[in-house]
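Scroll down for the structure; my scribbles are underneath it.
The values are calculated or read from the model by the stated rules, or taken from the named source; none is laboratory data. Quantities reported herein were computed from a predicted structural model and do not represent experimental measurements. With ideal geometry, Cβ positions are generated from the backbone for all residues, glycine too; neighbour counts draw on all protein chains shown. Side chains included, ligands, DNA and RNA excluded: accessible areas come from the protein's heavy atoms. Shrake-Rupley method; radii C 1.70, N 1.55, O 1.52, S 1.80 Å.
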Amino acid sequence: ILATNLLPAPLTSSLSSSVYLATLTTDFDSDGLPDLWEIQHSLNYLDPSGQNGPLGDLSHNGIPNLLKYAFNLDPLSPSLTGLPITSIEVNPLDSLRYLTLRYRRLLAPGSLQYLIQTSPDLQSWSSNPLHFEELPSPTLNPDLLTETVTIRLQPSLDSPSATSRFLRIQVIAPPPPTSP
């Protein structure tokens, strides 16, 4: 930037600075968190470690930055509002009870993946789509960045074949590139 006044003896001053363009897909430090999100939330987008990285927790509430990004939460807020919730709900079509999971999913997750998993014992987990169903028509949220998704565990809790089953969501970021 060069600035000059219009006086008879002009004074000139120059300033040099670097300008970076951060987009929803730019991830300069390859930590799975887009640079724009990191900048918006005062994280150092050039540092993938510690409190700035995907495993950091600036609000000290036990929720890492990667999950806060995936569910569109503020990494500086200790609030747990917006995290996935489970409940037992009656399906109006068959009047049976089902274990249900609701979560917010980014409309443009980039390379982030949301993986639904079930388990009979909390030891072994499976992503077999026969064990759950995603209800059609996720609901667009007012933030216009996420939609609310509803997952229903199969079979119903009222089914004679029902056994103990657990439901979770795993968020996966791509591994950072390896250097040669």
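The fraction of accessible area contributed by carbon and sulfur in the chain is 61 percent, rounded to a whole number (1.4 Å probe; ligands and nucleic acids excluded). The residues of the chain expose on average 62 square angstrom of accessible surface per residue, using a 1.4 Å probe on protein heavy atoms. Sequence-ordered 3J(HN,Hα) estimates for the stretch 128-138 from the Karplus curve with 6.51, -1.76 and 1.60 and θ = phi - 60° stand at 5, x, 6, 8, 7, 9, 8, 5, x, 6, x Hz, glycine and proline given as x. Spatial offset of the stretch 58-128 relative to the stretch 135-179 amounts to 6 Å, using the alpha carbon center of each. Rounded to the nearest 10 square angstrom, E133 shows an accessible area of 70 square angstrom against a 1.4 Å probe.
For Q170 and S95, the FRET efficiency from 1/(1 + (r/R0)^6), where r spans their Cβ atoms and R0 equals 30 Å, is about 0.45. Across L112, L58, L130, mean-square fluctuation computed from a Gaussian network of the chain (C-alpha pairs under 10 Å connected) peaks at L130. Among the trypsin sites (Lys or Arg not before Pro) within the stretch 60-119, not one is in coil by DSSP while having at most 15 neighbouring Cβ atoms inside 10 Å. Taking L66, L106, L157 as the candidate residues, the one with maximal mean-square fluctuation in a Gaussian network model of the chain, Cα springs under 10 Å, is L157. Amide H contacts of T150: L135, each under 5 Å away and 5 or more positions distant or on a separate chain (H built 1.01 Å from N in the peptide plane; Pro and chain starts excluded).
Remark: relative contact order (the chain) = 17 percent; criterion is Cα-Cα distance under 8 angstrom and separation of 6 or more residues.
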